[in-house]
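Reading through the structure tokens given below for one structure.
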Amino acid sequence: MVRQREGEPCCICPCPCEGLVDVIGKKWVLCALAQLGNEGTLRFNQLAQKLPGISAKTLSDVLKDLQRNGLVKRVPYQEIPPRVEYFLTREGRELTMLVAPLMIWADRKTGLIQLDS
């Protein structure tokens, strides 16, 4: 099918990966998922410290997107000072396990870490 107007998709793809790429294709998403997968439960500032270079607004947006997509759970506690913790849902853990090989491959390609083969 040929694109009819500028900005319209050239075809309709019923592929389930299309929505997945919209979720995990954003900058910092895989890094946030990996940190939550490695650490379990983290508070906002703890997660920010583990992701050097991410702004507070970006991290907040990433966490909101992950919550909206059912991959991360946010638990606020009624304490003074306020405390909020984030952790992966079952779906978030499943996704993290599925993309782990991709992240290992990317680490190998960048040369940041060397994995024994």
Once the convex hull of the C-alpha atoms of the stretch 22-68 is built, how many Å³ does it hold per residue, rounded to a whole number? 68
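Roughly how many percent of the accessible protein surface of the stretch 25-117 is carbon and sulfur, given a 1.4 Å probe and a whole-percent answer? Walk me through the numbers on the way to the answer.
Values: 3440 of 6330 Å².
Carbon-and-sulfur percentage of accessible area, whole number: 54.
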For the pair VAL21 and MET103, the simple spin-label estimate (label points 7 Å beyond Cα toward Cβ) gives in nm 2.2
Quick check: net charge around ASP65, other residues with Cβ under 10 Å of its Cβ, Lys/Arg +1 and Asp/Glu -1? +1
If the stretch 34-117 were replaced by its equivalent ellipsoid, with semi-axes equal to the square roots of 5 times the Cα gyration tensor eigenvalues, what would those be, largest first, whole Å? 26, 15, 11
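Sort 87-93, 27-33, 55-61 for me by packing, meaning the mean count of neighbouring Cβ atoms within 10 Å per residue, highest on top. Write down the numbers at each step before the final one.
Working: 87-93: 15.7, 27-33: 18.3, 55-61: 12.7.
Peptide ranking by packing, descending: 27-33, 87-93, 55-61.
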If each K or R counts +1 and each D or E counts -1, the residues other than PRO76 whose Cβ falls under 13 Å of its Cβ total +2
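The values are calculated or read from the model by the stated rules, or taken from the named source; none is laboratory data. Computed from a predicted structure; not experimentally measured. Cβ coordinates were reconstructed from backbone atoms using ideal geometry, including for glycine residues, and neighbour counts include every protein chain displayed. Note: areas computed on protein heavy atoms with side chains; ligands, DNA, RNA excluded. Shrake-Rupley method; radii C 1.70, N 1.55, O 1.52, S 1.80 Å.
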